[in-house]
Structure formats: structure tokens, C-alpha cells
Amino acid sequence: MGLNSTPSSERVQIGFFGKRNAGKSSIVNKITNQKMSLVSEVKGTTTDPVIKTMEILPLGPVVIIDTPGLDDVGELGEMRVKRTSEILDRVDIAVVVIDVNEIIELDEENISLLNKDLEIKNYESDQSTDFIKSDSDKINNSDLKLKYKDADFEKEKELIALLEKKKVPYIIVLNKIENYENIIKAKLDDIRSFFKETGIATQNISLIPASALSETGIHEIKEEIAHLIPDKHSYPLVSDLIEENDTIILVIPIDSAAPKGRIILPQQMVLREVLDKKAIAICVQPENLVATIANLKEKPKLVITDSQAFGEVKDMVPEDIYLTSFSILMARHKGILTETYKGIKSIDSLKNGDKILISEGCTHHRQCDDIGTVKIPNWLKKYTGLDLHFEFSSGAGYPENLNEYALIIHCGGCMLGDKQVQARIKKAYNAGVNVTNYGIAIAYMKGILDKAVSVVPEIS
Ligand SMILES: Nc1nc2c(ncn2[C@@H]2O[C@H](COP(=O)(O)OP(=O)(O)O)[C@@H](O)[C@H]2O)c(=O)[nH]1
Ligand code: SF4
Ligand SMILES: [Mg+2]
């Protein structure tokens, strides 16, 4: 990620799905105008999802994810399919690519009949007087429904059922139409009905005829995706909690865990929102906080600290100044604050031997250092006085066996997209497991949770 680019967790995530050889990678390459993915007539060429951040007009900053085929076989194939369904949890919009030849019988005889029908129809609509059909035309007309293949659409059905269940908006791209463009375009309603009748899709689908080869429909796909782009700013970090000219103090410990020469993403994002609001941001380390507050002529509205410093900072902030943490604001931004706030209460009903899952959103260059692996387990053991067992997950992986855990504590998830974090919380909820997050857990164990959420109207 370049210094000027939108972080990928803040971008709209667009996934391309479909069977092997449907032309997913070819469509992706045309949409992105880059050779992003390998195109091959050999099935199963895209073996892992190809993920790339880019700017595409008129879509703006996006993450494009080209997935392997849904119909991959064998053990390795099963893993790929699982990976594809994980991708479904993170995408904001899905593009389902289907090879037109897999759905519709388009042999020469069919095509010539259909073309003839189209000519007649066009002629009819050009006539101001009634067009009287000859007998032979009538015969042609009666045969003119598209012939659909008696094929197995199970994979598409499964995928689309999952998309509809997860409420992911999607479009269906009917690819490789270059030799039948007029026919397919004229019969779109008919094809839509076929999708509904066979149960491939139940919603009113947006169906786009396209060809990566002749570049037909590429513009329409982009336009349609643009229509579906969700409002990524439905959950601000802090901008709606503060006013212009308010003073906000950001407590940023620069310890051995802090990255060299920069501040971490949640801090950058909060700082930017404060500046956008034309409020005043003062950044300090914990040891400068007391003096900073004392030296201000007007008291600050809010102190935002790194959650790890809650214990140190809580007694430095007077009662009438709000205090919260970057990680609580991040949970709010990701749309999971209410659920993770509710989840914290289960800390008090933990028992000896309970398993706790600590889950982090990234692996390499992890910015959270040992907070999840060392500090939180130690604080939790001390707080509960119990013999607890901890397991850890990091990066894109998230365990299947969630019901084995008594509690899940998730990191701020700053590197994950909103949908991906929300899907994790939902999976825990479905498994009947309480889930909370780092900031809330630390604030609770330090006895200041009520104060730490008092600035957030949805909760206080
Ligand atoms: N005729 C035709 N062939 C295409 C089109 N799009 C892709 N292909 C071909 O279909 C094969 C599979 O394409 P690819 O993009 O790798 O499919 P993927 O497996 O879904 O990613 C390749 O041989 C492509 O050249 C198209 O619009 N028309
Ligand atoms: S572990 Fe979580 S909070 Fe920490 S940097 Fe990674 S995604 Fe962000
Ligand atoms: Mg591919």
C-alpha cells in the first residue's frame, strides 16, 4: 500500500466467482484494464484468490478478488472451495460469471433459427401496419424459445443461495456471448425467467451479457457494480462524536511494540477524522498526559488512548472528560461495537478449564505485538483467578469449531473489511458463543468500561 492510498480495509471489496473457465480472470483483466490474473484454457489455473487494490473509474478505490473455480475437484480443490466461501464473507459485492455456452444450447441450427426470429421481430417493429406472418414464419416463431442445457447448475445455485443468505448484492455476467450478442440481448427476460424457474436465483437478478473477448458489456458491468457500492461510511470512527474546535487528546505510547517511524492505522484514521472535522488533535505519550491536560486553558472534550494504556491513563483523565480507546472506536467503525459490548459480560461466568479464542486480523508485520498472545491472557487470568486455556487465530483464518470456546476476544480488526469482521461476529453468535474485543475487554478488566463507552451514544 502506498502512502497516499486508501487502506484496503476501507475499500469496497468486489469478488468474482464462478465455475472454472467461465472467464472470471478474463473479465477481471478487462475491468481492471490490467493483466491482473492469469487466463488459461486449462481448468483451475487460478489456484488461490488473486487480490489486488486499485482505483477503477467510476468505482474509485476498490479491492478486486479473483477466485478459483467453484467446481474444483479433489482434496486441494476442496480447500480452494473453502477459501472461496471465506472470500464470500469479506466481499461487499459479488460478480458471478457464467459461460453462456454452459447454460444455453447454441448450435448452428438453433442460432440460425433464433437469428431469423430476431429479423422478423425487428421487421415487425419497423412496420407501421400489421405484419402478417406466413405459415413458415409461425413455425419458426413457435420454436423460438432459447434451448437451455439440461446441465448441472448446482454450484451456481449453491453460490447464489449463499450470497442471498449473506445479503451480498450480486450481478450475474453471462460471458462469451460474442457470437450470439443480438440473440442473447434480445432474450434477456427469457434467461432471467430461466434462472428463477430453475432456482439458480430467487431475487430479481441483474443480468449482464458480456464478452471478455470482444469487450462487450465491460462498461455495463462497471456501471452496475457502481450502483451496488454500499456506503462505506455508515459507521464513522469519531467524527460524529466531536464538534469543530473541540480539543481531542490522542494517547499514543511509543514503546517497543510501536512500529518504527510511523503510527499505526487506527491512530492515523482517528487523527484524520479529527482534522477533517476541524477539531484540534494533540498527540501525547501517556507520561505527558497529566501535564498536557493541566496546561490547556480549555479542557479537552475527549481523550482517546491505546487500549493497552487504559490502566495507566484511567486515573489521569478527570471525570468530566470523555475517555475511550482507538480499538473501541474501531469496533464502532466496523459495526460490531454493540455486539462486542454485550459479549463482555460473559467474562464473569467463565469457569476453570474454559477455552478462550483470541483472534487477530493479521499475521505478518502484525501491529499489535504481544497484546493478544501475552498481555490479554495474563490480565484475564489475573482478573478471573481461573485456569483458562487460550487458543489463537490470526490473519484470514478463523476456526470452524467456534462452539468449543467459552469466549472469543477479537482484535480491533483494522486490517479487515467491515463485512469480514461482522461475519466473524455473526459466526460466533450463530455458534452461541459470546464475543468481545480487545478494547472492551481491557476496559472492563481495568474497571472503566462504563466510562470508556460513555462517549458513544448507541451504548451509553
Ligand atoms: N470465446 C470467448 N472465450 C473467452 C472469453 N472469456 C474468456 N475466454 C476463454 O475462456 C478460457 C478461460 O478463461 P479464464 O479467464 O482463465 O477463466 P476462469 O477460469 O473463469 O478465470 C480461456 O481460454 C479464455 O481465453 C470470452 O468472452 N469469449
Ligand atoms: S492484529 Fe487486528 S487490530 Fe492489530 S493490526 Fe492486525 S487487524 Fe489491526
Ligand atoms: Mg481464473
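Taking 0.36 nm per residue of separation and subtracting the Cα-Cα distance, full extension of the segment from T338 to K299 would add 11.2 nm.
Taking amide H positions as modeled 1.01 Å from N, with prolines and chain starts lacking one, the residues under 5 Å from K19 and 5 or more places away or on another chain are L70. Phi angles across the stretch 59-71 convert, under the Karplus curve 6.51 cos²θ - 1.76 cosθ + 1.60 with θ = phi - 60°, into 3J(HN,Hα) values of 8, x, x, 9, 10, 9, 10, 9, 9, x, x, 5, 9 Hz, Gly and Pro given as x. Within straight-line reach of K345, meaning a Cα separation under 17 Å, sit the following lysines at least 8 residues removed in sequence or on another chain: K355, K381, K382, K446, K451.
Convex hull over the Cα atoms of the stretch 247-329, averaged projected area in nm²?
Taking a quarter of the hull surface, the average projection is 5.4 nm².
Remark: spin-label model distance E109-S239 equals 6.3 nm, labels positioned 7 Å along the Cα→Cβ axis. In this structure the amide hydrogen of F390, modeled in the peptide plane, comes within under 5 Å of the amide hydrogens of I356, none closer than 5 places in sequence on its chain. Annotation: the antiparallel percentage among DSSP beta bridges lying fully within the chain is about 15.
Computed from the Cβ-Cβ distance with R0 of 60 Å, the FRET efficiency linking Y429 to K185 stands at 0.85.
Mean residue ellipticity, 222 nm, helices only, the chain: the sum of -39500 (n - 2.57) across DSSP H runs of n ≥ 4, divided by residue count and rounded to 500, is -10500 deg cm²/dmol.
Under the simplified labelling scheme, the K381-Q285 pair shows an inter-label distance of 2.9 nm, with each label point 7 Å from Cα along Cα→Cβ.
Annotation: extensible slack from E220 through V39 equals 63.0 nm (criterion: 0.36 nm per residue apart, minus Cα-Cα distance).
Under 13 Å of direct C-alpha separation, and excluding same-chain neighbours fewer than eight residues apart, K196 reaches these aspartates and glutamates: E156. Global dimensions of the chain from alpha-carbon coordinates: Rg and Dmax equal 27.5, 96 Å.
Ranked highest first by the average count of other Cβ atoms within 10 Å around their residues, in what order do 281-287, 402-408 fall?
Highest mean packing first, the order is 402-408, 281-287.
To the nearest ten degrees, helix 265-276 and the longest principal axis of the Cα atoms of the chain are 90 degrees apart.
What is the angle, in °, between the Cα long axis of helix 108-126 and the longest principal axis of the Cα atoms in the chain? Nearest 10 is fine, range 0 to 90. The helix 108-126 is inclined about 90 degrees to the chain. With respect to the chain, whose longest principal axis is taken over its alpha-carbon atoms, helix 74-90 is tilted by about 70°.
Coordinate-derived values only; no laboratory data. Fair warning: this is a prediction, and the values are worked out from it, not measured in the lab. Cβ coordinates were reconstructed from backbone atoms using ideal geometry, including for glycine residues, and neighbour counts include every protein chain displayed.
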